[in-house]
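Q: Okay, handing you the structure first.
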Amino acid sequence: MKARPKTQPKTRISLTAIVWRIFKMVIKACPIYFTATCLIGVIHGLSWGLNTYATQFFFDAVATAVTSQTELTMVYLGLLALGGVTVGSQVLNGVHNFMAGALYGLVPGHLVKHIHHKAARIEPICYESPDLLDDINKAEKGAGSSLGLLIVVVVLLTFYLPYFVFMGWYLYRLKPILLLSLVFIFIPVFITQLIRGAVHARLEDESAPLRREVDYYERCICDREYFKETRLLGAYRFFRDLYLTALKAMQQKKWNVELKTNLMEIGMRMLTLAGYFGVLYLLFTALMNGEISIGSFAAVFGSIELMFGIMEEIVANHIGGMTRDLATVRNFIRFLDLPERSGDTERVSFDGGIKFTDVSFAYPGSETKALDHVNLTIRPGETIAIVGQNGAGKSTLVKLLTGLYLPTEGTVEIGGVDSRRISPESIYKGITGVFQKYQRYKLTLQENVQISDLQAQDENHLDAAVAKADLELDQETFPQGYETMLSREFDGVDLSGGQWQRVALARGFYRVHDLIVLDEPTAAIDPLEETRIYHKFAELSKEKTAIIVTHRLGSAKIADRIVVMDQGRIVAVGTHEQLMQEQGKYAEMYQAQAQWYAG
C-alpha cells in the first residue's frame, strides 16, 4: 500500500531561516512603515550612547571649572548638550515604541492569511489525520508569536546593537576589562534561556493536542451550535468535567516546566548580580588610580545601571521570550513548508468521462480499505446513482471521482488523465455539488448562493439558480430580498431546515459546471420530498454528468445507471429494472424501503 505523506517535516529550521521567512512576509505587508521603524530604532539606540558621552563632557567641564576657576561657558554648553540628547532620547523612545507597537495591528492578519492560503493547498486526505489538526493549531499559535519574534530580532539589531557597539567602544577606550566583564556576566543567563527554549519546544508539542481538547469542550459548553442540545440533555456537567480535566493536564505540564526553568534562572541571576558589583569595584579602582576622569566615572556610573537593566531586559525578556516562542514560530514555518499537491493547471474536460481502474483506498491510520479494487466507468452526460448502506464507501468513491482524494492503489482517470497528474484546482473548476453537511454561512442570501462561483456575479444567473432550487423569496422570510442576512447573530433571520437545503441547492446550481454531485443533501427530509427534488435535479442536469449519492433507493430510479456498493466494493451496476430482476443486494434493500414510497 502506498505510504501517506507526512504532515510535519522533521528537519530542524534555523533561527536565521525563520527570521528571514517572517521578514519577507512582514516587509511585503508594510514595506515603508517597517523600514521607517528600523531607522528610528537605529537613531534611538545611538542617542542613548550619546547620552553617556554628553554626561562625561558635562561633568568634565564642571570639574575643570571648579578646579581651575575658569569661565562656565563649557559647563553651559555641556548642560545644553546633555539636556538636548536626553530630551531627544525620550522623544525617540516614545516614537519608536509607538511605531513598533503599531506593527501588531498591521501585520498579524497578513501572517494568518498565509495559514489559510496553505491550508487550501494541503492534500485533503491529510485532514483525516489528527496530526494535521495539531499542526494547524500549532501554526495558528505560531503565527501570533511570529511578529513578536521578528520585532525582538529587529529591536536587537537596530536599537540595542548600535547602543552596545557605541558603549563597547566607549568602555574599551576607558578600560578594556570593563567591556569583557560585561560580556562574561551575562553568559550564564544566556545559556539558561537557550535551555528554556528547548524545554518549551517540547512543551509546545505535548500541549497542542490538549489545547485542541480544551477548545473543543469549551465549544460544546458555550458555542451556539452545541449549547441547545448540551442544556436540553443535561450534558453541561459532563463537558465541564472533560474541559477541566484537559485544562488541568495542560496547566500541569506548563507548571512543571516553569518551575524547573525558573529555579535554574534564579541561580544564574545570582551570578549576574555578583558580576554587577564586580564592575562597580573595577570602576572605582580605575578612578582612584587616575586611569579615568571624574567625568568618565560619573558617566559610566550613571549609565552602568541602565546597561545592566537593558542587558537584563534583552536576555531575560527578549531572548527569553524569543526562545519560549521559537518553538511555536518554528511550527508556523514548518506548516507553511508542508508538501502541496501539484499537477497540470490546464482545466480538465469531463467530455472523456471518469474511469476507475482497480482502485483501492484506505484512510490514514486505518488497516481497513474504504474502497477495495473498484472498477467503474462513468460516461459523459450520464446520471449515476451510488447506493448502499452507511459505511459502504459511497462518499469515499465520490471524493475520488471528484479528485478530492487520490487512490491508494490503482488509477482514477478524469477526462482521460490520471488524477495524480492534475492540480486540484483544475479539477474543481468543472465541478459543483451539494453535500449532506452543507454549510449555513452567516452571510446574506446572495452571498450564500454566489459564494460557489465568485467569478459569475450575474443577477440573472442568480435568479435562475434560486428558481431551480424552488426557493421562494417571500417578503416574510426574506424581508430584504437577496440582501437578507441569514443569521440572527448578525441581526438577520434564521431559516428552516428545508429552506436551508434549498439555499444549498441554489448554491450548487449557481456554479458553472460540467459535473454535479448530490451527496445525500436531503437526508433530513422525508423520502417523498427527496424523490421530488431528485426528479427536478435530473431534469436540470440533462447533458451534464451527474452523481447522486443516497441510501434511499426510491430516488435512484431516475439515474441512467445505479452503482450498488457494499463494504467498499461495487457489487452490482445497472438500471433499476435490471437490478430488481437480479434479486441481489439492491432488490433486498429496495424491498426493505418500499413502504417509504408512493406509486
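The values are calculated or read from the model by the stated rules, or taken from the named source; none is laboratory data. Note that the structure is predicted; figures quoted are calculated from it, not measured. Note that we place each Cβ from the backbone using ideal geometry, even for glycine, and neighbour counts take in every protein chain shown.
Q: What are the pairs with Cβ atoms under 7 angstrom where one residue, in the stretch 239-254, is without any contact (Cβ under 8 Å) to a residue 24 or more places away in the chain and the other, located anywhere, is surrounded by 13 or more Cβ atoms within 10 Å (Cβ to Cβ)? Sequence gap at least six, or different chains.
A: F239/Y217; F239/C220; F239/I221; F239/T230; R240/I221
Q: Then there's this: Being aromatic (F, W, Y) and farther than 20 Å from G278 by Cα is the filter here; which residues of the stretch 157-168 pass it?
A: Selection gives F159, Y160, Y163, F166.
Q: Follow-up. Among the residues of the stretch 292-304, are any at pLDDT 75 or above, touching an Asp or Glu at 6+ places or on another chain (Cβ under 6 Å) and either assigned to a helix (DSSP H, G or I) or of a type in the set (D, E, K, R) (or both)?
A: yes
Q: On the given criteria, is M322 in contact (Cβ under 8 Å) with a residue 60 or more places away in the chain, buried (at least 18 other Cβ atoms within 10 Å of the Cβ) and under 31 Å from the mean Cα position of the chain (by Cα)?
A: It is true that M322 is in contact (Cβ under 8 Å) with a residue 60 or more places away in the chain, buried (at least 18 other Cβ atoms within 10 Å of the Cβ) and under 31 Å from the mean Cα position of the chain (by Cα).
Q: OK, next. I'm trying to understand the selection: among the residues of the stretch 481-505, which are at pLDDT 90 or above, in a helix (DSSP H, G or I) and under 20 Å from K437 (Cα atoms)?
A: Hit for the stretch 481-505 is V503, nothing else.
Q: Being part of a helix (DSSP H, G or I) and over 30 Å from R334 (Cβ atoms) is true for just one of G105, G84. Which residue is that?
A: Only one candidate passes the filter, namely G84.
Q: Going through the stretch 238-291 one residue at a time, which ones are polar (S, T, N, Q), at pLDDT 80 or above and either part of a helix (DSSP H, G or I) or not assigned by TED's automatic domain parsing to the domain that holds R173 (or both)?
A: T245, Q251, Q252, N256, T285
Q: Could you check, for the stretch 332-353, whether at least one of its residues is touching a residue at least 40 places away in the same chain (Cβ under 8 Å), closer than 26 Å to A538 by Cβ and of a type in the set (F, W, Y)?
A: yes
Q: Consider Y534 carefully, then state whether it is among the hydroxyl-bearing types (S, T, Y), assigned by TED's automatic domain parsing to the domain that holds I384, modelled with pLDDT under 85 and not in a loop (DSSP other than H, G, I, E, B).
A: Against the criterion (among the hydroxyl-bearing types (S, T, Y), assigned by TED's automatic domain parsing to the domain that holds I384, modelled with pLDDT under 85 and not in a loop (DSSP other than H, G, I, E, B)), Y534 qualifies.
Q: Same structure again: Taking the stretch 238-266, which residues are β-branched (V, I, T) and either touching a Ser or Thr at 6+ places or on another chain (Cβ under 8 Å) or surrounded by 13 or more Cβ atoms within 10 Å (Cβ to Cβ) (or both)?
A: T245, V257, T261
Q: Of the numbered conditions (1) outside the structural domain of W48 (by TED's automatic domain parsing); (2) modelled with pLDDT of 75 or more, T328 fails exactly one; give the number of that condition.
A: Checking T328 against (1) outside the structural domain of W48 (by TED's automatic domain parsing); (2) modelled with pLDDT of 75 or more, the one that fails is (1).
Q: For the stretch 563-599, what are the residues that are crowded, with 23+ Cβ neighbours inside 10 Å and in a strand (DSSP E or B)?
A: Of everything in the stretch 563-599, those that are crowded, with 23+ Cβ neighbours inside 10 Å and in a strand (DSSP E or B) turn out to be V563, V564, M565.
Q: Can you spot a residue in the stretch 215-234 that is over 23 Å from the mean Cα position of the chain (by Cα) and either not in a helix (DSSP H, G or I) or not assigned by TED's automatic domain parsing to the domain that holds K138 (or both)?
A: The answer is yes, given that some residue of the stretch 215-234 is over 23 Å from the mean Cα position of the chain (by Cα) and either not in a helix (DSSP H, G or I) or not assigned by TED's automatic domain parsing to the domain that holds K138 (or both).
Q: Something else about it: What single numbered condition from (1) within 30 Å of W169 (Cβ to Cβ); (2) among the hydrophobic types (A, V, I, L, M, F, W, C); (3) buried (at least 17 other Cβ atoms within 10 Å of the Cβ) fails to hold for L338?
A: (1)
Yes or no, residue by residue, for (1) surrounded by 15 or more Cβ atoms within 10 Å (Cβ to Cβ); (2) part of a strand (DSSP E or B):
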residue	(1), (2)
P364	yes, no
T368	no, no
A385	yes, yes
N390	no, no
K399	yes, no
V434	yes, yes
Y438	yes, no
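Q: Is it the case that some residue within the stretch 305-313 is farther than 25 Å from L149 by Cβ, modelled with pLDDT under 80, in contact with a helix residue (DSSP H, G or I) (Cβ under 9 Å, 6 or more places away or on another chain) and assigned to a helix (DSSP H, G or I)?
A: yes
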